[in-house]
Structure formats: structure tokens, C-alpha cells
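Contents: one structure, followed by commentary.
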Amino acid sequence: GFVNTTEEHFLAWDRPFDLKLLALFTPDSSVYLGGFPLKGFRLSVSSTWKSGLRYTPFTLARVNDFTGRPEYERLDDRPFDEVGTYWFWTDASLSRDFFLGPATLSLSIAVTNLTNYRSAAIVNGVTGDAYEFGDPLPLEVRDPLFPDPQNNGIPPFNPARFTTPRQVMFGVQLQF
């Protein structure tokens, strides 16, 4: 008879959901706020929510009798089977044009990751999120809760484990 051996295999770059929202506000000369004309202002706000990075999960195999450290094994039969915690960020920019005869002076401020949400760029295979102190770790990572002078694994405090934090930029532009 016929045997169906079709299986679904995820790829590392797979992100099941990616939602974006953008709002622009560019008032004309007839818009006033408290008697103040808003002509020349531009406001832009965008938000992104997307699935986290795919990772191969780990499972608890045993607890080391000597050190007490939990030992996790990678489930190699399930590569990229899990999705880490979601990513989120909001960017905003505000600018104002001043019309000075034949020239235009623009002042602006732009903020990336307005909420300063820390998305996991390096996923801990045990938790599905970026490492925080006290989280369980696979054996190939040095665990600060179980110091061992013979452990030559990578340390878990890589600052790149999170996406870029909030950044604020100011700008001045003069056009003739």
C-alpha cells in the first residue's frame, strides 16, 4: 500500500506573523490647535508586531548529581520547531518646516523603539526568550547560577541578545 512520509519542516527564517501599522499626519493651513496653525508639521507613527525567531527546543534530561545543575538536551529531531517570544517596536517622528523666503528650515525629532521593548534577538532554547539572570540554560552555555572553573561555554550575558533599545535623533535641514 501507499505510505505517506510527508512531514513539515520549518526553516530558521520563518516568521508566521508580521503585522505593521502606519499613521501619518500632515495638516494643511486650515488646521489649528489652540489657535496655533499646524501648517508645516509632519507626524509619523509606525508599529510592528511579528513572530519571534524560530529555535530548536531543549528538554530537561537530568540533574547533575554533583553540581545540582539541570542538564538540557536539544531535541534535534525537531529543528526550528518552536517560535520565540514576539518582537514589537514603535517608531515615531515629528518635524516642522519654517518657510524663510526662498529657503525652508526643517527641525525634526525621530524616536526608534519608542516603548523600549526588548525583543529576543538571541533565543535561549530552554525558555524561548532572551536570557535573563536565573533562567535555565543548555550545557553549552556558562550558567552563572552554577559557577564551574572548568566550564568553557559561552557566557549568557551577550548584549546582542536583545534588539536595539530606544534611540532619539534630532535633525536640522536647510533647503534653498
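The values are calculated or read from the model by the stated rules, or taken from the named source; none is laboratory data. Since we're looking at a predicted model, the values are computed, not measured. As a convention, Cβ positions derive from the backbone with ideal geometry for all residues, glycine included, and neighbour counts pool all protein chains shown. Protein only, heavy atoms only, side chains kept; ligands, DNA and RNA dropped before computing areas. Shrake-Rupley method; radii C 1.70, N 1.55, O 1.52, S 1.80 Å.
For region 10-38, taking the residues that are open to solvent by 100 Å² or more (accessible area, probe 1.4 Å) and at pLDDT 85 or above, the one that is farthest from residue 118 (Cα to Cα) is identified as 24.
Looking only at residues of region 87-106 that are within 29 Å of residue 13 (Cβ to Cβ) and touching a residue at least 60 places away in the same chain (Cβ under 8 Å), we find that the one that is nearest to the chain's Cα centre (by Cα) is 87. Out of everything in region 107-130 that is among the small types (Gly, Ala, Ser) and either outside any strand (DSSP E or B) or within 16 Å of the chain's Cα centre (by Cα) (or both), what residue ends up being farthest from residue 87 (Cα to Cα)? Within region 107-130, the match that is farthest from residue 87 (Cα to Cα) is 125. Residues in region 88-106 that are open to solvent by 40 Å² or more (accessible area, probe 1.4 Å) and assigned to a strand (DSSP E or B): 88, 89, 91, 93, 94, 96, 98, 99, 100, 105. Residue pairs whose Cβ atoms lie under 8 Å apart, separated by 6 or more positions or on different chains, with the first residue in region 43-55 and farther than 18 Å from residue 161 by Cβ and the second in a loop (DSSP other than H, G, I, E, B) and among the β-branched types (Val, Ile, Thr), are 43/26.
Taking region 149-176 as the search range and keeping residues that are part of a loop (DSSP other than H, G, I, E, B) and open to solvent by less than 70 Å² (accessible area, probe 1.4 Å), which one is farthest from residue 102 (Cα to Cα)? Steps first, answer last, please.
Quick first cut of region 149-176, residues part of a loop (DSSP other than H, G, I, E, B) only: 149-153, 155-158, 163-166, 176.
Then keep just the ones that are open to solvent by less than 70 Å² (accessible area, probe 1.4 Å); that gives 151, 153, 156, 158, 163.
Numbers: 151: 68, 153: 63, 156: 57, 158: 51, 163: 42 Å.
Ranking the candidates gives 151 first.
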